[in-house]
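Everything below concerns the one structure shown next.
The values are calculated or read from the model by the stated rules, or taken from the named source; none is laboratory data. Just so it is clear, the structure is predicted and the values come from calculations on it, not from any experiment. Heads up, the Cβs are rebuilt from the backbone with ideal geometry, glycines too, and the neighbour counts pull from every protein chain shown. Calculation scope for accessible area: heavy atoms of the full protein, side chains included, ligands and nucleic acids excluded. Shrake-Rupley method; radii C 1.70, N 1.55, O 1.52, S 1.80 Å.
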Amino acid sequence: MSIEVNNESAMAADEAELARLGRFVLDSMYVHPEAELSIILVDKEAMERLHIEWMDEPGPTDVLSFPMDELRSGTPSQKTPAGVLGDVVLCPQVAEEQARKAGHSIGEELLLLTTHGMLHLLGYDHAEPEEEQEMFGLQRRLLADFLGKEAPTETTL
């Protein structure tokens, strides 16, 4: 499994932990062990440019996902084929603001956003209430399992 973490932002982040989370999520979702994932941390200006270019939305956002081979979750008996999962782009500056409001650390917020972005790469979405319930429930369970905690509620990490 190839997981590349590039911190192009001016903020410190635990790149090794983000890579461990990436491996954990991919293993938990039965993604082929030779799948490739890129996690990139950028500053607000770079995130705003991406947000405008790809989503036609002004201002920076917290996370963007760019799928490549459109891999989906596998099963214990049938892993996904090998391929390039895609890129998760994070903005630590936005994450820091959100973490402060949520009452947890920026590290926890980056883990949350990475998980969220990876689920988008695997085809999960939250446009409809049922989709949101499924995706956010899975996100909470994956994070809780990774952190060795009881699954948090919707308002906590």
Quick check: at a probe of 1.4 Å, how many percent of the accessible area of region 54-157 sits on carbon and sulfur atoms? 49 percent
Return the percentage of antiparallel bridges among DSSP beta bridges fully within the chain, rounded to the nearest 5 %. 30 percent
Can you pull the one-decimal nm distance between simple spin-label points at E57 and L147, each 7 Å off the Cα toward Cβ? 2.3 nm
The chain, relative contact order in percent, only Cα pairs under 8 angstrom and at least six apart counted: 22 percent
Please list E48, E134 from largest to smallest accessible area, probe radius 1.4 Å, with all protein chains kept in place. E134, E48
Tally Lys/Arg at +1 and Asp/Glu at -1 over every other residue whose Cβ is under 15 Å from the Cβ of L85; what's the total? -4
Please report the net charge: other residues with Cβ closer than 12 Å to the Cβ of S9, K and R +1, D and E -1. -4
Solvent-accessible ranking of I39, I3, largest area first, probe 1.4 Å: I3, I39
For the chain, built as a Gaussian network whose Cα springs stay under 10 Å, the top-fluctuating residue of E70, E97, E130: E130
For a bin width of 5 Å, list the pair-distance distribution of the chain built from all Cα-Cα distances, rounded to whole %. 2, 10, 18, 23, 23, 16, 7, 2, 0
With only alpha-carbon atoms in the gyration tensor, what are the semi-axes of the equivalent ellipsoid for region 1-63, in Å, largest first? 25, 15, 9
Net charge near S38, counting Lys/Arg +1 and Asp/Glu -1 over other residues with Cβ under 11 Å of its Cβ? -3
Under 30 Å from the Cα of K101 - lysines, other chains or at least 8 residues apart: K44, K149
